[in-house]
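Structure first, commentary second.
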Amino acid sequence: MTHPLLFAAVVALGGAGIVPMLSAGLGSQAQAASKTLNLYTARHYSSDDALYVQFTAKTGIKINLASAGDEPLLERIRSEGAASPADVILLADATRLWRAEQEGLFQPLQSPLLAKAIPADRRGSDLWVGLTTRARVMVIDPKRIKPEQVSSYAALSDPALKGQVCSRTASHPYMLSLIGAQIAKHGPAKAEAWMRGVMANLARPSKGGDTDQIRAVASGECGVAITNSYYHARLMRSDRPEDKATVAKTTLVWPDQKGDGAHVNISGGGIARHAPNAANARAFLEFLASQEIQGQFASANNEWPVLANVPFENTALKQLGPFKGDPMPVERFASQSRLAQQLVDKTGWR
């Protein structure tokens, strides 16, 4: 539930699929610019609301929240143009952040604190930064698939897995980022061959979200599924009997632990190009990059901090144990997203 400080009205924007939550009228002249922050976010987690309340309590800066999926949110910013009141843009994937950068939707951060705190491989030049990380992993039915059968992403195209693989649509940013990493590592021809191999192994047409893929494994519809790590951790922490049953029937496998490591993606954000409150936007991003808040991301939403050595309390993440993550800079695979989409269109993996 959204905190009262963040919610005053709900307005549907003509067919765009976006539902903004606005506080006392976004961009109202009645609000003091020095105490206002207009946040456009594609992060749809209720746990983030508590962070916004903490920021307001600490700084006195009131957050006006507009929330939607990545693409509807970006479409709104495009349509608003130079008149957009957006100060901060938070997006759920490096591919979306890179595309927003290419469209000129960000301005330089100019924050020595962020430049020092956020690792260079987890940010996009000086325009956006990662704030949380997650891994693209496999979940298997251990009665049907042995972990060593899916020890790498390459194994997903092995004919031995025919009729065993489940995945969401390859056009989704999570999958485009993974495909982009394959292109960056092996080139487009080998990436396309890998995609066609995975497609040949699909147990059913790609559909649903990552949680649906995990449940499909538990139900016996497929033997292995591709998912983000935090979806499995979320099910592990659930009190619902059906979720407990799903976890009991599945096992998470870290891919490429003998190679480059598991594909690591981010959620993150930057300051909007026409931000009317750029100083407040910078302060907000610095707040999210603080040690305390980084720990809260992990504790509440099952994502890893983008900072190293941040303590957190999350039994599920700790049970998943340490893993080797691919050090590939997020900007490197995100910059392949257009070519990745072209391969999706060419192969018909939708």
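The values are calculated or read from the model by the stated rules, or taken from the named source; none is laboratory data. Being a predicted model, the structure only gives us computed values, none of them experimental. Glycine also receives a Cβ, built like all others from the backbone with ideal geometry; neighbour counts cover every protein chain displayed.
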Quiz item: Restricting the first residue to the stretch 130-141 and requiring it to be in contact (Cβ under 8 Å) with a residue 60 or more places away in the chain and closer than 12 Å to Asp93 by Cβ, which pairs with a second residue that is acidic (Asp, Glu) and assigned to a strand (DSSP E or B) meet a Cβ separation below 9 Å and a spacing of at least six or different chains?
Solution: none
Quiz item: (1) assigned by TED's automatic domain parsing to the domain that holds Gln296; (2) surrounded by fewer than 16 Cβ atoms within 10 Å (Cβ to Cβ); (3) part of a loop (DSSP other than H, G, I, E, B): which one isn't true of Leu109, the others all being true?
Solution: (2)
Quiz item: What are the residue pairs meeting all of these: first residue in the stretch 166-182, first residue closer than 14 Å to Ser335 by Cα, second residue of a type in the set (Phe, Trp, Tyr) and in a loop (DSSP other than H, G, I, E, B), Cβ atoms under 8 Å, and 6 or more apart or on different chains?
Solution: Leu178/Tyr153; Gln182/Tyr153
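In the stretch 206-321, which helices (runs of 4 or more DSSP H) lie fully inside it and hold 1 or more residues that are within 30 Å of Phe106 (Cα to Cα) and outside the structural domain of Phe55 (by TED's automatic domain parsing)?
210-219, 229-237
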